Amino acid sequence: MNKKSTETVLADVRAARETFWVNPDVLPYEKAEPGLKFHKADIEDARARLERFAPLIMKHFPETEEAKGIIESPLKETPELKKVYGFPEGRLFLKCDSHLAIAGSVKARGGIYEVLKHTEELALEAGLLKENSTPEEYAALADHRDFFAQYKVQVGSTGNLGMSIGIMSAAIGYQAFVHMSADAKEWKKKLLRSKGVTVIEYADDYSKAVEEGRAQSDADPMSYFVDDESSSALYLGYAVAGERLKKQLTDQGVTVDAAHKLVVYIPCGVGGAPGGITFGLKEAFGDNVIVYFVEPVQAPCMLVGLASGELDKVSVKDFGLTGLTDADGLAVGRCSKLVAKEMTHLLAGESTVDDSKLYKNMQQLYKAEGIIIEPSSCATFQGLIDWNEYCKDDFSAEERANMTHIVWATGGRLMPKEIVEEYLSK
Ligand SMILES: *Cc1c(COP(=O)(O)O)cnc(C)c1O
């Protein structure tokens, strides 16, 4: 099928109709890379920091012992799901960030990384760590919860970022405050409170929760704010996924090169997670990876930012949309400026999805593969549907047969049983 013009796409957006946008500004990675804010060395720095902290993570979260304190998710081939989406050719995998340790969502990458980075800074300043501290010295930070208890960590969240930051901060010893938007699910607030995290609720949307949290944190010299709308640390924590995925693909016998392309679909909220992952994937695979984001029809903040060229200067409300969606993790009205700028020449395109499909997609995945992920996360499957409809004919049968598609599952493991049952029966 013919691709839509940006004008047509924006008309679809205004009508809250599902649409598929091809980014006209995408560049070969070699051309785009020099203009990026971050480079390979920045990802390497984040990867090394996560390794330094692995002994401490193991100590606080015994569930990570088997993986030696490295938080990584399985890459599962899903042949039954392939049939559901009408893919006769190529291979289809689910990247199960839905099942990441500790936070049960993609936020376990960036969120936990940022808390650790802040922790390292405080510990270095206080002499609890030095440059070249041993793994034992990192693990011994667990004996200094009183030191960290003087400090606060705060974040604004629609749910999952709050869980990642809240759970990790509370484990290290910080006073943790999560400012939750109206979209946040009740069970996520309950779980956080059970971990000793203070949850502050707002009747307003995500931008408001961030604004309030930022103001309260900035007024307190002992407080650190994780700023999802502009955080470099979050972005780089997510980017570490790229090289790790490369290794997992190699282990599963998947070749990625010019004749064997990798196509990846990721749900997008403010942009940090999918943006950071895209940067990591581009560093790992260059032009051999093609990345699409998926957003809800009522909250396509990255799509309106990129397609209009206005980035974070426009909100979905400027397009007559409500910003309201059942996909709590994606309920964001204005995208991250940092990420939108970085994605301008990297992202291949975007799909939007109607809320009505989320539960159906969740049920289909469960039926086909026995895997449970949360509704927000199920936005990802719209990428497959749209690729089949709009992009398939750009490739020969042989190219399609050599292709690997990855749908990124971004959350779900911590959902309580009764919530899962409710969603499955919708
Ligand atoms: C946060 C989240 C995303 C998107 O991440 P952003 O950094 O907000 O773009 C996708 N899926 C789920 C389940 C999430 O919680």
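The values are calculated or read from the model by the stated rules, or taken from the named source; none is laboratory data. No experiment lies behind these values; they were computed from the predicted model shown. Glycine also receives a Cβ, built like all others from the backbone with ideal geometry; neighbour counts cover every protein chain displayed.
For the structure I just gave you, tell me whether GLY305 is closer than 20 Å to LYS4 by Cβ, more than 13 Å from the ligand (Cβ to nearest atom), of a type outside the set (D, E, K, R) and at pLDDT 95 or above. For GLY305, the condition - closer than 20 Å to LYS4 by Cβ, more than 13 Å from the ligand (Cβ to nearest atom), of a type outside the set (D, E, K, R) and at pLDDT 95 or above - is not met. If you filter the stretch 99-127 down to residues that are within 10 Å of the ligand (Cβ to nearest atom) and over 17 Å from GLY275 (Cα atoms), you find that the one that is surrounded by the most Cβ atoms within 10 Å (Cβ to Cβ) is ALA103.
Scanning the stretch 229-281 for residues that are in a strand (DSSP E or B) and among the hydrophobic types (A, V, I, L, M, F, W, C), we see that the one that is nearest to the ligand (Cβ to nearest atom) is ILE266. Within the stretch 1-37, restricting attention to residues that are in a loop (DSSP other than H, G, I, E, B) and of a type in the set (Lys, Arg), the residue that is nearest to GLN382 (Cα to Cα) is ARG17. Look at ALA139 and say whether it is in a loop (DSSP other than H, G, I, E, B) and hydrophobic (A, V, I, L, M, F, W, C). Considered against the rule, which asks whether it is in a loop (DSSP other than H, G, I, E, B) and hydrophobic (A, V, I, L, M, F, W, C), ALA139 comes out as no. The numbered conditions (1) out of contact with any Cys (no Cβ under 7 Å at 6 or more places or on another chain); (2) closer than 30 Å to GLU120 by Cα; (3) in a loop (DSSP other than H, G, I, E, B) are all true for SER73 except (1).
With respect to the conditions (1) in a helix (DSSP H, G or I); (2) more than 20 Å from VAL407 (Cα to Cα), LYS82 lacks only one, and its number is (2). None of TYR174, TYR202, TYR206 is under 28 Å from ALA140 (Cα atoms) and either over 20 Å from the mean Cα position of the chain (by Cα) or surrounded by 24 or more Cβ atoms within 10 Å (Cβ to Cβ) (or both) except TYR174. The set of residues in the stretch 14-33 that are touching a helix residue (DSSP H, G or I) at 6+ places or on another chain (Cβ under 7 Å) and of a type in the set (A, V, I, L, M, F, W, C) comprises PHE20, TRP21. Comparison of LYS392, LYS337 shows that the only residue that is among the charged types (D, E, K, R) and either more than 14 Å from the ligand (Cβ to nearest atom) or farther than 28 Å from LYS282 by Cα (or both) is LYS392.
Answer yes or no: is there a residue in the stretch 367-377 that is surrounded by fewer than 16 Cβ atoms within 10 Å (Cβ to Cβ) and either away from the ligand (no atom under 14 Å from the Cβ) or under 13 Å from GLN298 (Cα atoms) (or both). Scanning the stretch 367-377 turns up at least one residue that is surrounded by fewer than 16 Cβ atoms within 10 Å (Cβ to Cβ) and either away from the ligand (no atom under 14 Å from the Cβ) or under 13 Å from GLN298 (Cα atoms) (or both). Restricting the stretch 295-336 to residues that are of a type in the set (Asp, Glu) and closer than 19 Å to GLY349 by Cα, which is surrounded by the fewest Cβ atoms within 10 Å (Cβ to Cβ)? Looking at residues that are of a type in the set (Asp, Glu) and closer than 19 Å to GLY349 by Cα, I get GLU310. Kindly evaluate GLN298 against the criterion of being polar (S, T, N, Q) and more than 16 Å from the ligand (Cβ to nearest atom). Considered against the rule, which asks whether it is polar (S, T, N, Q) and more than 16 Å from the ligand (Cβ to nearest atom), GLN298 comes out as no.
Looking at GLU283, GLU229, which one is among the charged types (D, E, K, R), modelled with pLDDT of 95 or more and buried (at least 18 other Cβ atoms within 10 Å of the Cβ)? Every option except GLU283 fails the conditions. One residue alone among ARG52, ARG47 is under 20 Å from the mean Cα position of the chain (by Cα) and assigned to a helix (DSSP H, G or I), and that residue is ARG47.
Remark: pairs (first residue in the stretch 130-146, modelled with pLDDT of 95 or more; second residue basic (Lys, Arg); Cβ separation under 7 Å; 6+ apart in sequence or on different chains) = TYR138/ARG52; ALA139/LYS59; ALA142/LYS59. Scanning the stretch 15-34 turns up no residue that is surrounded by fewer than 14 Cβ atoms within 10 Å (Cβ to Cβ), under 29 Å from ALA401 (Cα atoms) and polar (S, T, N, Q). Just to be sure before I move on: is LEU56 touching a residue at least 40 places away in the same chain (Cβ under 8 Å), among the hydrophobic types (A, V, I, L, M, F, W, C) and in contact with a Lys or Arg (Cβ under 6 Å, 6 or more places away or on another chain) in the structure I sent? Against the criterion (touching a residue at least 40 places away in the same chain (Cβ under 8 Å), among the hydrophobic types (A, V, I, L, M, F, W, C) and in contact with a Lys or Arg (Cβ under 6 Å, 6 or more places away or on another chain)), LEU56 does not qualify. Filtered by the rule that a residue be outside any helix (DSSP H, G or I) and not small (Gly, Ala, Ser), the stretch 206-228 gives ASP220, PRO221, MET222, TYR224, PHE225, VAL226, ASP227, ASP228.
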